[in-house]
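Enquirer: Following this message is one structure expressed as structure tokens.
The values are calculated or read from the model by the stated rules, or taken from the named source; none is laboratory data. Keep in mind that this is a model prediction, so the values were computed, not measured. Every residue, glycine among them, receives a Cβ derived from its backbone with ideal geometry; neighbour counts consider all protein chains shown.
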């Protein structure tokens, strides 16, 4: 067990959790056997990599950086078969109502007056940096050989991803681009790159109930806080892209404002949970060594 790191255990546990959910709902989940194989494979390969990481640098890099990225992407893609099967009641109407009650209107409709093609391109690019922000911090920490900061950051980021996935399962919602399309009078079109990026994201992600909480907001803020703690230069580099990304979630109609608020809360909960876990672990290790 000494070869296991917190992120390894988290990856295995969440895969097994999804395996149990799939088995329990196998009668209503399309392709349940396929999903079972995926989740067992993730857990199995994680176990194997934990044992083989000491063999050479490539296997160690695979275990620390490559496999977590692959696991997160595979698990996210699999949710398309799970979420609406086990929880078929979308809550978009509640989120739309919450935005209206809090703000006195519909944010995506209000923002139509500010839509400008070149601004849309900038914000769509910023929104897409979500896929590189966590990787950037991980690569920098690896290059700095700060293994303690890397391991803690990897665990916290994985925890944030998986808690957001749990949120999608509990609170399925499509988001404004689908549920409020009939209310929008202006297309959120771009100048050069927005349409290709949107088409690529739609192709890769498909139609998923992944609006609440905003994973983009939660992950971006979590990484930003970790960067502030461990690599201040990366924090300043990411500050503007993250700020634009959060605004883009609503401007580009991927999320409601309450989704963003949920993402902020999720980031706070994740960071707090990471601190609690590592403080508990340190006390346990100190007590054991004594």
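Enquirer: Name the helices (runs of 4 or more DSSP H) wholly within region 54-132 that hold at least 3 residues that are touching a helix residue (DSSP H, G or I) at 6+ places or on another chain (Cβ under 7 Å)?
Expert: Correct list: 67-86, 92-103, 107-110, 117-128.
Enquirer: Suppose we filter 248, 272 for residues that are modelled with pLDDT of 95 or more, in a helix (DSSP H, G or I) and crowded, with 16+ Cβ neighbours inside 10 Å; which single one remains?
Expert: 248
Enquirer: Among 141, 174, 163, 159, which is surrounded by 17 or more Cβ atoms within 10 Å (Cβ to Cβ), over 27 Å from residue 252 (Cα atoms) and touching a helix residue (DSSP H, G or I) at 6+ places or on another chain (Cβ under 8 Å)?
Expert: It is 141.
Enquirer: Still on this structure, I have one more. Which condition from (1) outside any helix (DSSP H, G or I); (2) within 30 Å of residue 25 (Cβ to Cβ); (3) without any contact (Cβ under 8 Å) to a residue 40 or more places away in the chain is the one that residue 145 breaks?
Expert: It fails just one condition, (2).
Enquirer: Would you mind finding the one in 44, 67 that is over 21 Å from the mean Cα position of the chain (by Cα), closer than 30 Å to residue 141 by Cβ and outside the structural domain of residue 108 (by TED's automatic domain parsing)?
Expert: Residue meeting the stated conditions: 44.
Enquirer: For residues that are in a helix (DSSP H, G or I) and touching a residue at least 40 places away in the same chain (Cβ under 8 Å), scanning just region 17-31, find the one that is nearest to residue 67 (Cα to Cα).
Expert: Within region 17-31, the match that is nearest to residue 67 (Cα to Cα) is 18.
Enquirer: Mind checking which residues of region 179-194 are part of a helix (DSSP H, G or I) and closer than 30 Å to residue 89 by Cα?
Expert: Of everything in region 179-194, those that are part of a helix (DSSP H, G or I) and closer than 30 Å to residue 89 by Cα turn out to be 179, 181, 182, 183.
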